[in-house]
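Written out below as structure tokens is the structure these notes cover.
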Amino acid sequence: EKGTYDHFMLKEIDEQPFVIRKIIQEYQDEQDNIKVDGNIRAAMLDADRIYIIAAGTSYNAGLVGKQVIENIAGTPVEVHIASEFSYNMPLLSKKPLFIFISQSGETADSRAVLVKTKSLGHPSITVTNVPGSTLSREADYTLHLYAGPEIAVASTKAYTAQIAVLTILAVDTATEKGIKLNFDPLQELGIVASVMESLTDQKERFAKLAKEFFTGMRNAFFIGRSTDYFVVQEASLKLKEISYIQAEGFAGGELKHGTIALIEDGTPVIAISTQENVNYSIRGNVQEVSARGANTCVVSMEGLEQESDNIVLPRVHPLLTPLVSVVPMQLLAYYAALHRDCDVDKPRNLAKSVTVE
Ligand code: F6R
């Protein structure tokens, strides 16, 4: 059921605008208000701190989710790598709520944390694409991603669906708390869907950029600050897992603390700049690496762009920029892998769901 697509990954990248629209529809009532299950609503209101537990791409979505929930709903959030949680268990608040993010709902590392937190009597929600999965059955409540089956090993539409669903959850909690928002979240998500579409319509451009920046390269760096730092971590994971190019995502400010030593003539450095308050600083980083020979690719947003930028994203709400800035990153990774004749949908050494700890 790949249809006309060569790979599931490309099909799933293309499905993202439809998934966002589906999520808007599924989490809306007849009066166009956000509707979330009453038990989940109550659990969110009761919590004094949220602990997000996840692995891989779902962890990267959790980083964005933390920012969204804290900004919109005002509840403190911590994000933990599932496999590290038991060794470095944080001191828990009085009323913790655990949110497990898992596309498959089968990740053993996350399940191990759920078993532990359940035995301690703490409430839990699983955000998953597979209702009926282990994590969904064993948690108290489930939030469905409605992304449709994700077949490619590299996760794409689940990442954006996870961020969208966490945004809806945050807005619902804010409304219940009586917090007034200065934007219409469902309308903003609708804009996101259209912008995603405008990006997936430009595949040849991203194929060309992938060729230009990654051909023959052994490593690549992604840099960003603030919200963009979360997205560069996902960007580097996408590139490394399917193209086998060694890639890392760094906070722009950390470059001078070590990483800049790795920059050589021709090293690809992809910078994302979608946030007004860090635009100036990240562009400083671009100049620093460029002066040391890096081949720089800048992805910015309307209103912050400079003439030399390689990709200028249409404007979306500042909290929701990861939903659109990740799309070029997914496409760059896809075409980099394709140009290197890699098995895009089934990269070596990886499994779609990791059911061992
Ligand atoms: C990366 C990828 C993995 C998964 C991770 C968690 O593209 O697919 O990093 O995100 O194994 O899987 P789930 O979300 O099923 O718990």
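The values are calculated or read from the model by the stated rules, or taken from the named source; none is laboratory data. Remember, predicted model here, so these are calculated numbers, not experimental data. Cβ sites come from the backbone with ideal geometry, for glycine too, and all protein chains shown count toward neighbours. These accessible areas exclude ligands, DNA and RNA; they are computed on the full protein's heavy atoms, side chains included. Shrake-Rupley method; radii C 1.70, N 1.55, O 1.52, S 1.80 Å.
For segment 328-357, name all the residues that are outside any loop (DSSP other than H, G, I, E, B) and buried (at least 19 other Cβ atoms within 10 Å of the Cβ).
Just the residues of segment 328-357 that are outside any loop (DSSP other than H, G, I, E, B), to begin with: 328-339.
Of everything in segment 328-357, those that are outside any loop (DSSP other than H, G, I, E, B) and buried (at least 19 other Cβ atoms within 10 Å of the Cβ) turn out to be P328, M329, Q330, L331, L332, A333, Y334, Y335, A336, A337, L338.
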(Q) Take the conditions more than 15 Å from the ligand (Cβ to nearest atom), in a helix (DSSP H, G or I) and open to solvent by 20 Å² or more (accessible area, probe 1.4 Å) and apply them to K180. Does it pass? (A) no
(Q) Quick check on my filter: what residues within segment 209-222 are open to solvent by less than 20 Å² (accessible area, probe 1.4 Å) and among the hydroxyl-bearing types (S, T, Y)? (A) none
**Q.** Selection count, segment 290-327, where residues are without any contact (Cβ under 8 Å) to a residue 40 or more places away in the chain, surrounded by 14 or more Cβ atoms within 10 Å (Cβ to Cβ) and part of a helix (DSSP H, G or I)
**A.** 1
Q.
I need the full set of residues from segment 35-58 which are more than 16 Å from the ligand (Cβ to nearest atom) and either small (G, A, S) or more than 22 Å from the chain's Cα centre (by Cα) (or both), in order please.
A. K35, D37, G38, N39, I40, R41, A42, A43, L45, D46, A47, D48
Q | Given (1) under 17 Å from the mean Cα position of the chain (by Cα); (2) within 16 Å of the ligand (Cβ to nearest atom), index of the condition A337 fails | A | (1)
Q. Which number in (1) in contact with a strand residue (DSSP E or B) (Cβ under 9 Å, 6 or more places away or on another chain); (2) at pLDDT below 95; (3) of a type in the set (A, V, I, L, M) marks the one condition that V171 misses?
A. (2)
(Q) Filter segment 4-43 down to the residues that are acidic (D, E), in a loop (DSSP other than H, G, I, E, B), out of contact with any Phe, Trp or Tyr (no Cβ under 7 Å at 6 or more places or on another chain) and closer than 30 Å to F98 by Cβ and list them by number. (A) E15, D29
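Any chance segment 188-208 includes a residue that's within 16 Å of the ligand (Cβ to nearest atom), within 23 Å of P17 (Cα to Cα) and exposed (fewer than 15 other Cβ atoms within 10 Å of the Cβ)?
Step one: filter segment 188-208 for residues within 16 Å of the ligand (Cβ to nearest atom), giving none.
No - not one qualifying residue is present in segment 188-208.
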